[in-house]
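A.B. asks: Structure in structure tokens, see below.
The values are calculated or read from the model by the stated rules, or taken from the named source; none is laboratory data. Please read all numbers here as calculations on a predicted model, not as lab measurements. Neighbour counts are summed over all protein chains in view; Cβ atoms, including those assigned to glycine, are modelled from backbone coordinates with ideal geometry.
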């Protein structure tokens, strides 16, 4: 089913998955979804979902332990206030909060930070992320067989996501810098 190109192998998918779910993940929102759609066009969706899930969960374990180590040293308790509803849900139902964050477009870093801050079980955390990501990744890969998105379009979607993210960050900084001058 694969065309044999250098960027279509499942090993490359694992590396992309690890990169998009690693420390760079807050800077790459929605960059991974077009990649899954493309790989779903080239490989069976279940295989794509399994490879992407395993790779993302592997790097998620490293992320989680790294955040835990950092937060134990700095005790950044103010972070609890930043995540709002996810924080409240995490306090009552941490597994469900992790599952919903993993299965939806909600930022996964919020559950990662809260899990590390509260010393939530690493196994339960990773299980929730695996159970949330596997069906989502399968759905996106299956869409690839239906949508037939071209590679240039995928590249444009990924770059567009990154540009919108950085553009939004720049705009907020620019507006923030202007507010004190106006008052």
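A.B. asks: Could you look through the range 86-112, keep only residues that are within 13 Å of the chain's Cα centre (by Cα), assigned to a helix (DSSP H, G or I) and modelled with pLDDT under 85, and pick out the one that is surrounded by the fewest Cβ atoms within 10 Å (Cβ to Cβ)?
C.D. replies: Residue satisfying both the conditions and the ranking: 109.
A.B. asks: Quick check on residue 13: is it surrounded by fewer than 16 Cβ atoms within 10 Å (Cβ to Cβ) and touching a helix residue (DSSP H, G or I) at 6+ places or on another chain (Cβ under 7 Å)?
C.D. replies: When the stated conditions are applied, residue 13 does not pass them.
A.B. asks: Considering each residue of the range 15-73, count those that are assigned to a loop (DSSP other than H, G, I, E, B), without any contact (Cβ under 8 Å) to a residue 12 or more places away in the chain and more than 12 Å from the chain's Cα centre (by Cα), and give that number.
C.D. replies: Total meeting the criteria: 0.
A.B. asks: Sticking with this structure for a sec: If I filter the range 125-146 down to residues being farther than 27 Å from residue 110 by Cα and surrounded by 13 or more Cβ atoms within 10 Å (Cβ to Cβ), which single residue comes out as modelled with the highest pLDDT?
C.D. replies: Result: 142.
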